[in-house]
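*Asks:* What follows is a single structure, and I will ask about it in a moment.
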Amino acid sequence: MVGTPVLFIAIPLMAAFLMPLLGMIWKELVRIVPGLVLTYLLILAINLLDHVLVHGPIIEVIAGWVPPIGINLVFNAFSGFLVTLMIFLGLLVWAYSYRFKRNVDYEPALKYFLMLMMLITGSVGIVLTGDIFNMFVFIEITSISAYGLTAFYKGRNSAEASFKYVMMGSIASTFLLLAIMIIYSQLGTLNMADIARKIHLMNPTLKIVSYIFFVTALGIEAEIFPLNGWAPDAYAEAPGPVGAAFAGIVVKAAVYAIIRYTYTIFDLSGSFNFLILIGMITLIIAETAAIRQEKLKRMLAYSSIGQMGLVLVAFGFGTKEGVFAALFLMLNHAITKSLLFFSGSYLVYNSTEKNITEVNGMSKYLPITSLLFAIGAFAIVGLPPFAGFWSKLSVMTAAADSNMILIMVLVLMVSVIELVYYLRVVNRIYFFKKEENTQPQKPTVNALVVMLILGAAILLIGFYPDAVTGILHKASATLVDKGQYIHNVLSLK
Amino acid sequence: MKKLLVIFLLATLGYYTAVTFFDIGFGQPHFVKGVSPVKDIYLAKTQSPLTVSNAVTSIVVNFRGFDTLGEVTVLFLAVTVLGSVLYKNRHEVGKRSVFFSASSIVTSGSKLLFPAIILLGAYVFIHGHLSPGGGFQGGVIIATGFLLMLLAYENYSVSHTALSVVESLAGITFAGVGLLGFMHGGTFLQNFLPTGVMNNLFSGGIIPIIYIAVGFKVGAELTGVIYTVLHEKGESNG
Amino acid sequence: MEMIHIIFLVFLGGAVLTYFAGKISKVLQDILFLLSVLVPASLFFTYVKIADSVTLPLGGIKLSWGLNHFSWLFSLIVLGLGSMAAIYAVGYMKGRERKGYFYFNFILSIMAMMGILLSLDLISFFIFWEIMTWSSYLMTVYSGNDIQRIGIKYFVFSAIGAYAMLMAIVMVHHMTGSFMIGSMINFYPNMSLSMQIWIPVLFLMALGVKAAMMPLHVWAPDAYSNAPMAYTAVFSGALSKMGVYGMVIVLVTMINQIPQGVWFREVIAWLGGITAVLGTLWAIKQDDAKKLLAYSSVAQLGYIITGIAIGTELGMLAGLFLAVMHALFKGTLFMVTGAVEKQTGTTNFTEVTGLIRKMPWTFFAALFAIIALAGIPPLGGFVGKWMLYEALITSNHYLLVIVIFFSSTAAFLYCYKFLFGFFLGQEEKEWAHVKEAPATMVVPMVLMAVMMFVLGTFPGIILKPINSGLVDLGYIDTFKHLWNSSVILNVWGDNVILQPILYYIIAIFVFFVVFLT
Amino acid sequence: MIYFILIAILFLLMIASSVYAVIQKDLLYAVMATGIISLILSILYFLLQAPDVALTEAAIGVALTTIIFVITIRNTVRMEDESDKKEKFKSAVK
Amino acid sequence: MDSTYFHFLDYAVYGTAVLVMLIGFYGAMVKKSLLKIVIGLSVIDSGLNLLIVAIGYYKGGTAPIFSPGFLEHFKSVSKMVDPVPQALVLTAIVIGFGVTAVALALVIRLYRHHGTLNIDEIKNLKW
């Protein structure tokens, strides 16, 4: 073993506190240090994941108090997989935004990278923690960084988008605290495993109320339908790489939280159907909204919301296959949507409006970026031989195994809509004449490398899905096995 | 129409929240039968291994110290975000908004009060493990002291560099103590100092150290918040 | 590493290499392109034997590919037409922009079609099906003005079909626990009735889209006419046959197994008939050669669908024979149109006339193809249509015979229009400078014209593989008993007594045409 | 009994000031009302045996939050601009 | 402290807290002024914090501080109120302050751009 899960939190925090000091020594350090930290964490995550897949989960206790007294971090195959994915994406986002929009000078750069690092740390914390109040704290860390990143540009709309996000976020934290307190007042504990063990003792009405509060609160972060008002604006107004970070990291963490509550903590029988219902509504509404968008990033945002709906539907099957499919979807969505955001923000780099019409004919000027965008678009609609196909196939297989024919039909119908709006953009990039007032911008070398890595990942998974399915199978088995989780956490002495 | 909808929504929400909390009950033990709440363990452990007088402090700093680390980070981030949101290029920085032209009584009074307030704040966070109060409260009190000075003196300014150095050092102390505990005992934030005698100033192991760091950090951060917001003179349209 | 793997790898690697070779040298790109189509084709016909099969475990699923007689027949169409079109494309694409893009998608299309034919499991079938869809889509939107509408129409139809197929696939997987086509077929009789109906219907939706069956044909005319002609030859000639290929399998292995299948076949046969009539009528109205041929393709596919939907041995034989012939003559016609387009810059009949002396070889190919299309002896089209009539009559579909007959009579109108419009009529000054197309374009056209003649004269050459393919599917060997009962096969299949007379007729016809000019 | 009345008055005052904070058009007064809410909260926390929280609420809620609000109001506008489009139309007609 | 008072409190604390929360919600959702929305959010926080602290209260309990002589006097800790909600509220208050500060900064920036706080006039994005 090379380290413990607590380093995922401690190291970035330490670095964050250090960064203002380091900046005084050499200004470039504030750009370099987050990359070093994330690289280290990625190595750590891969090592730990490797260890966990062989030796079983690592339960890290904090301050020497075993659960349920103290806070604990759980690094098992499921959370470990997500953490690795998040840190990998975080590293790519860092590399991509290293010299993104050169006009950023020292002060904003310091703040940008600080917030970015905290965004990743907060999301990782959400996934790792085994304590519901601690999760609340991490959600707040993530949200505040997200508010700041959304309002990062000086343009007139970014503050508005961010304010909307703050409003929704505050309401989310209110609900979250209420739910936490309802549970605490009944069970006298805040540890997830302990709660899961005792939840059957709880009054069913209170249980349902607290579950609904939880899902409402986390649904705001996870962009579930009636609560996703903030998302398109935040995606559209935030800097391009941040959109990728939202889609790939923050939302994943929130979905993880919902899933943890549904699968492990609560034992409500109807909650799976509830997940399918809200997921389906989210999927349909978001995809029909996406087709009407005129701005590229808003379209991507709605598509991201729709994909999260699909992930929830897949989780809602409640079977191991469903979880596998959902995890596969999350993985592919993280990779692909990041690629789309990355390449998309170069396609509309110099435009103020970021309209879809402004990508017209960009393939002549930005051949590689355009190609990667096209690959991403093909992958996300699930065309073989790209990565998205396998996840779509696994979702369909899981649905068929759960006898959910109607869900299958709806999901496939929505996929056709998705296909239409992505193809429209790809057509514009390749087959339309360039608009006169658009100025293509060559991507920087590091951005290009990042995009190529993601494109290669899409192709790799597309041609050789076995590269990831092994981990996904183990992770899904870990999530479904609730008793093992409780035992692992509470048997510590 | 919208108002009606909102009222309906709120009525539903209010009803369910109220019913839920009336179910829980007030002032009597509300835990489900058969569970042993963690608070009993907290109260017991607060006395014997930790020797901390203030149970809230022991929870905030030790049992749930990780939360506090996160909380400090939230404040740190809030300052960062504030700076980022209100960031202006050098030539844009406006004059500080002036509330009132302070009379000499106010200015000299503030000057007198300022050290006292700082002292009070320091006292509060140093005695965080013995009496009510602690890092947060002490930090806030210190920040109010600076606020007073900023309001009273038009030209009073706090060195931004100094603030961020204090902030960073305090933060590093917190995380560093945690990592020391990790190296010493194998878990993050583990106590590695002798705990001392209950109700002594030097008791509670690492708790006072952390709380002092938190106090400095919160003080610096909140001062930073006030400073940033104060220097935001909006070009009002009349 | 088995030969089938190597073939796919050569296709794939060739596609990528060809794409990037354009950065180095245009000639290298052309050579690489030809190599990456012709080398796998020759490898396939020399090294891959019937009943070879290979597997490839992927994503927890065992993908398996293998060859049988039936898929060999279609491989013949795909690789034969594909090679011809590839040679043609080198000339056609000379001087055009984005050659790499064209070649890449061309090779991928061929690979995907081969993949479909070789697939023994549903997943690889679906994967190749989708690759085929998007590569042909990318060709459809290669040029033209209205691509947003045309391309999306094509893709949406394909996607609806493909997703219907995906549903069927996962439902089959749910019931049988396996993705193998064989196990699906074996399990089919044990399914519940609703599944027995739904599974074929869902499959037929996907296949019907590609085969441009009546309610699902909407995309076809636009897509066929909008793609570059060098590709449309493959698109209409081979790619649409993938739908036919799947339909035959679904019809034979599933629908024929259940009593309700009669109604299915009836409906599909009628859909085919209606497609044929309407396609012909639409084609007559067109002024643009591309559009005309596109609608004519839809109509011809209607014949094929009718033939295979009848389901008797003779009907199958007719449908498959027509499929082969259609690949040949429609491929040739699209190539001709492409040649005319390249030399004159337009494909509108009202603008281009009298090219017969300027482009004699092209005219020769067009003439043969048109004769075959119209169903005039001695070229292949006649044999196919005759067999189709026979099949319809022997299975008591008298009304359908009338419909089909009406359609093929009406087809003369547009056949004439095509021939007359481009090649006959007044020679205008405007086109005085027009020259014959380059050799790389002429040679494939002429070769295919000759092929048509050969097959029309000796239909037995192609009927034998069709027959063994049908035997693979479970039909009894038709070689002996059926061929005896059919007049035309009796005469032309075995001995060639009537041959000189027919040549005479054709010579008179040609003379007549030439005289007219 | 005196406690009863005191507590009741505190509760009523809290609700009243929250209503006032929401409906008052003059934002400065509204902010003062939130300050009063925090003050009452602080007292209630003491009564609920939570001195730590009371201290925090007094410092953060009463002092800091209010000050920041006030600074913000000084930097922006003091009165809530509730003028609907209708009213604007009216004034335009006049 | 007599019992009537606590019976009254049984309902009044929760009732007041929930009512304050709802009033805050109403302000945040209906009001047009950005500052009013932020005020509403902070009112919500106040109500919520009261609610949480009230959960931890036990009748006749003492503050969770082991002042000198506490154990001699009470013998056991069961007379203490629950310290956990208090610790949580401590965290929640600080976090709430951070969020409020961020929201106010955004208000200032919106005002800088638009010269107004009215939501109807700021709406550039679809709400």
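The values are calculated or read from the model by the stated rules, or taken from the named source; none is laboratory data. Given the structure is predicted, the values throughout are model-derived calculations rather than measurements. Counting neighbours? That spans all protein chains shown, and the Cβs are built from the backbone with ideal geometry, glycine included.
*Asks:* When the residues of region D:13-32 are narrowed to those that are more than 18 Å from residue D:77 (Cβ to Cβ), of a type in the set (Gly, Ala, Ser) and touching a helix residue (DSSP H, G or I) at 6+ places or on another chain (Cβ under 8 Å), which ends up surrounded by the fewest Cβ atoms within 10 Å (Cβ to Cβ)?
*Replies:* D:17
*Asks:* What single numbered condition from (1) surrounded by fewer than 21 Cβ atoms within 10 Å (Cβ to Cβ); (2) farther than 18 Å from residue A:385 by Cβ; (3) among the hydrophobic types (A, V, I, L, M, F, W, C) fails to hold for residue C:58?
*Replies:* (2)
*Asks:* Does region B:86-97 contain any residue that is farther than 30 Å from residue E:86 by Cβ, β-branched (Val, Ile, Thr) and at pLDDT below 75?
*Replies:* Yes: one or more hits.
*Asks:* Oh, and also: Taking interchain pairs and intrachain pairs at least six residues apart, which have beta carbon atoms under 8 angstrom, with the first residue in region E:48-61 and more than 8 Å from chain B (Cβ to nearest Cβ) and the second basic (Lys, Arg)?
*Replies:* Hits for this filter: E:60/E:79; E:61/E:79.
*Asks:* Show the residue pairs that are 6+ apart or on different chains and have beta-carbon atoms under 8 Å apart, the first residue being within region C:132-156 and within 20 Å of residue A:371 (Cβ to Cβ), the second being assigned to a loop (DSSP other than H, G, I, E, B) and among the hydrophobic types (A, V, I, L, M, F, W, C).
*Replies:* If the second residue must be assigned to a loop (DSSP other than H, G, I, E, B) and among the hydrophobic types (A, V, I, L, M, F, W, C), the pairs left are C:133/A:383; C:134/A:383; C:136/C:227; C:139/C:227; C:140/C:227; C:142/C:227; C:147/C:141; C:151/C:141.
*Asks:* Now, a different point. Which of the residues belonging to region C:307-320 are assigned to a helix (DSSP H, G or I) and either at pLDDT 90 or above or closer than 13 Å to residue C:248 by Cα (or both)? Explain how you work it out, then say what you get.
*Replies:* Of all residues in region C:307-320, those assigned to a helix (DSSP H, G or I) come to C:307-310, C:313-320.
Result: C:307, C:308, C:309, C:310, C:313, C:315, C:316, C:317, C:318, C:319, C:320.
*Asks:* What pairs come out if I take residues in region D:1-20 that are more than 7 Å from chain E (Cβ to nearest Cβ) and farther than 25 Å from residue E:37 by Cβ and pair them with residues that are buried (at least 18 other Cβ atoms within 10 Å of the Cβ) and among the aliphatic types (A, V, I, L, M) whose C-beta lies under 6 Å away, six or more apart or interchain?
*Replies:* D:10/D:40
*Asks:* Listed residues A:379, A:374; which is assigned to a helix (DSSP H, G or I) and surrounded by fewer than 24 Cβ atoms within 10 Å (Cβ to Cβ)?
*Replies:* A:374
Results for (1) part of a helix (DSSP H, G or I); (2) in contact with a Cys (Cβ under 9 Å, 6 or more places away or on another chain); (3) modelled with pLDDT under 90, shown as yes or no for each residue.
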position: A:193; (1), (2), (3): yes, no, no
position: A:208; (1), (2), (3): yes, no, no
position: A:217; (1), (2), (3): yes, no, no
position: A:223; (1), (2), (3): no, no, yes
position: A:226; (1), (2), (3): yes, no, yes
position: A:231; (1), (2), (3): yes, no, yes
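*Asks:* Of these, E:102, E:53, which one is more than 12 Å from the chain's Cα centre (by Cα), in a helix (DSSP H, G or I) and either more than 21 Å from residue D:55 (Cα to Cα) or at pLDDT 85 or above (or both)?
*Replies:* Residue meeting the stated conditions: E:102.
*Asks:* Can you tell me which of A:119, A:85 is within 14 Å of the chain's Cα centre (by Cα), in contact (Cβ under 8 Å) with a residue 60 or more places away in the chain, farther than 30 Å from residue B:39 by Cα and within 11 Å of chain B (Cβ to nearest Cβ)?
*Replies:* Unique residue meeting the criteria: A:119.
*Asks:* Can I ask one more? Within region A:145-173, count every residue that is without any contact (Cβ under 8 Å) to a residue 24 or more places away in the chain, within 12 Å of chain B (Cβ to nearest Cβ) and outside any loop (DSSP other than H, G, I, E, B).
*Replies:* The qualifying residues number 4.
*Asks:* Search region B:2-51 for residues being on the phi > 0 side of the Ramachandran plot and either among the charged types (D, E, K, R) or more than 9 Å from chain A (Cβ to nearest Cβ) (or both), and hand back the single one that is surrounded by the most Cβ atoms within 10 Å (Cβ to Cβ).
*Replies:* It comes out as B:51.
*Asks:* Just checking, how many residues over region C:393-415 are of a type outside the set (S, T, N, Q) and within 22 Å of the chain's Cα centre (by Cα)?
*Replies:* Total meeting the criteria: 7.
*Asks:* Give the residues of region C:172-188 that are more than 10 Å from every other protein chain (Cβ to nearest Cβ) and under 30 Å from the mean Cα position of the chain (by Cα), sorted by residue number.
*Replies:* C:180, C:181, C:182, C:183, C:184, C:185, C:186, C:188, listed by residue number.
*Asks:* Does region E:62-99 hold any residues that are more than 8 Å from chain B (Cβ to nearest Cβ), in a loop (DSSP other than H, G, I, E, B) and either touching a His at 6+ places or on another chain (Cβ under 7 Å) or at pLDDT below 85 (or both), and which are they?
*Replies:* Selection gives E:69, E:75, E:76.
*Asks:* Here are the criteria: (1) at the interface with chain B (Cβ under 9 Å from one of its Cβ atoms); (2) touching a His at 6+ places or on another chain (Cβ under 9 Å); (3) not charged (D, E, K, R). Tell me which single one residue A:69 does not satisfy.
*Replies:* (2)
*Asks:* Ok, one more. Go through C:409, C:457 for me and flag whichever is modelled with pLDDT under 80, of a type in the set (S, T, N, Q) and out of contact with any Cys (no Cβ under 6 Å at 6 or more places or on another chain).
*Replies:* It is C:457.
*Asks:* Among the listed residues C:16, C:39, which satisfies the condition of being in contact (Cβ under 8 Å) with a residue 60 or more places away in the chain and surrounded by fewer than 20 Cβ atoms within 10 Å (Cβ to Cβ)?
*Replies:* C:16
*Asks:* Say whether the condition of being at pLDDT below 90, under 27 Å from the mean Cα position of the chain (by Cα) and part of a loop (DSSP other than H, G, I, E, B) is met by at least one residue in region A:396-417.
*Replies:* Yes, some residue in region A:396-417 is at pLDDT below 90, under 27 Å from the mean Cα position of the chain (by Cα) and part of a loop (DSSP other than H, G, I, E, B).
*Asks:* Here is a follow-up. Pick from C:240, C:225: which is surrounded by 22 or more Cβ atoms within 10 Å (Cβ to Cβ), assigned to a helix (DSSP H, G or I) and touching a strand residue (DSSP E or B) at 6+ places or on another chain (Cβ under 8 Å)?
*Replies:* Numbers: C:240 fails: touching a strand residue (DSSP E or B) at 6+ places or on another chain (Cβ under 8 Å).
Every option except C:225 fails the conditions.
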